[in-house]
Amino acid sequence: MRVLALVRSPAASDIELAMTTHAAARARAAPRERRADSPSAGGDAGAIVQGLRRIVKALQEYSQDVHRSYSLTAPQLWALKTLQRRGPLSTGSLAQALAVHQSSVSVLIQRLERRGLVRRARATPDRRFVRVELSERGAALAADAPEPAQGRLLHGLGAMPGREVRVIRRAVDRLVEVMEAPDLGVRFFFSDE
């Protein structure tokens with residue numbers, strides 16, 4: 001917030017004076033809450049930024065390691081591990097398990113299918129219904145590979161009490177808002193899938 005002197009200069013417009021007066025009134029009326037960047041806040045803002053950096057760095061390094069070791073993106077590994085744990089799933093159920101839109105998981109499935117790691121199987125009574133399942137090669141790779149970091153994050157949140165998760169969600173939603181990124185389309189971390 002820009003604070004202007006209340007002394008009217010020849011260059012100050014009536015609008016600037018009104019904005020300054022309004023901002024000053026809001027500041028006086030606002031409850032006295034410690035700002036995150038104030039010395040008395042104990043460096044909370046810095047600690048939050050450092051924590052976010054560690055999470056992003058861990059996800060990025062993990063993604064790079066998985067790609068080097070298994071020639072898979074982290075989302076591809078996560079999909080294989082999910083199918084290994086849950087068995088054959090519909091595209092919608094797999095998208096829900098990975099916390100992404102169904103169109104994102106469709107691209108992912110196509111790439112895994114081209115590599116011979118999954119196959120689409122049609123249900124016998126209703127041929128329109130398709131389930132995605134691991135191939136033998138995909139099952140062997142999923143058995144050998146480590147757990148995906150994004151899945152670990154999602155499962156960790158799932159293990160927390162609901163109240164705590166809602167508090168985190170509101171805080172993350174607020175951070176997204178502060179970063180002016182509410183409409184930024186995202187699918188997976190560090191992947192074009």
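The values are calculated or read from the model by the stated rules, or taken from the named source; none is laboratory data. Keep in mind the model is a prediction, meaning the values are calculated, not measured. Glycine also receives a Cβ, built like all others from the backbone with ideal geometry; neighbour counts cover every protein chain displayed.
For this structure, a couple of remarks:
- Checked against the criterion of being of a type in the set (S, T, N, Q) and at pLDDT below 90, the candidates GLN50, GLN76, GLN60 yield just one match: GLN60.
- Taking the listed residues ALA74, ALA95, ALA79, ALA99, the one that is at positive phi and under 19 Å from the mean Cα position of the chain (by Cα) is ALA99, with no other qualifying.
- Every residue from the range 89-107 that is modelled with pLDDT under 85 and under 14 Å from THR73 (Cα atoms): none
- Matching residues in the range 77-100 - criterion: being assigned to a loop (DSSP other than H, G, I, E, B) and surrounded by 13 or more Cβ atoms within 10 Å (Cβ to Cβ): PRO88, ALA99, VAL100
- Selection status of ASP65, surrounded by fewer than 14 Cβ atoms within 10 Å (Cβ to Cβ) and over 21 Å from the mean Cα position of the chain (by Cα): no
- Residue match in the range 108-126 (condition: under 27 Å from ARG169 (Cβ atoms), crowded, with 17+ Cβ neighbours inside 10 Å and at pLDDT 90 or above): yes
- Residue in the range 154-177 that is surrounded by 10 or more Cβ atoms within 10 Å (Cβ to Cβ), of a type in the set (Lys, Arg), modelled with pLDDT of 90 or more and in contact with a strand residue (DSSP E or B) (Cβ under 9 Å, 6 or more places away or on another chain) present: no
- Counted residues, the range 136-149 - those being part of a helix (DSSP H, G or I) and surrounded by 11 or more Cβ atoms within 10 Å (Cβ to Cβ): 8
- Cβ pairs under 9 Å, 6+ apart, first in the range 115-138 and free of Cβ contacts under 8 Å to residues at least 40 places away in the same chain and within 16 Å of GLY87 (Cα to Cα), second in a loop (DSSP other than H, G, I, E, B) and of a type in the set (D, E, K, R): ARG122/ARG128; ARG137/ARG115
- Taking the numbered list (1) at pLDDT below 90; (2) part of a strand (DSSP E or B) in turn, GLU133 passes all entries but (1).
- Annotation note: Cβ proximity below 9 Å between a residue of the range 65-94 that is within 23 Å of ARG122 (Cβ to Cβ) and a residue that is surrounded by fewer than 19 Cβ atoms within 10 Å (Cβ to Cβ) and among the β-branched types (Val, Ile, Thr) (sequence gap 6+ or interchain) occurs for SER90/VAL130; THR91/VAL130.
- Looking only at residues in the range 64-94 that are in contact with a strand residue (DSSP E or B) (Cβ under 9 Å, 6 or more places away or on another chain) and of a type in the set (Val, Ile, Thr), the one that is nearest to ARG114 (Cα to Cα) is THR91.
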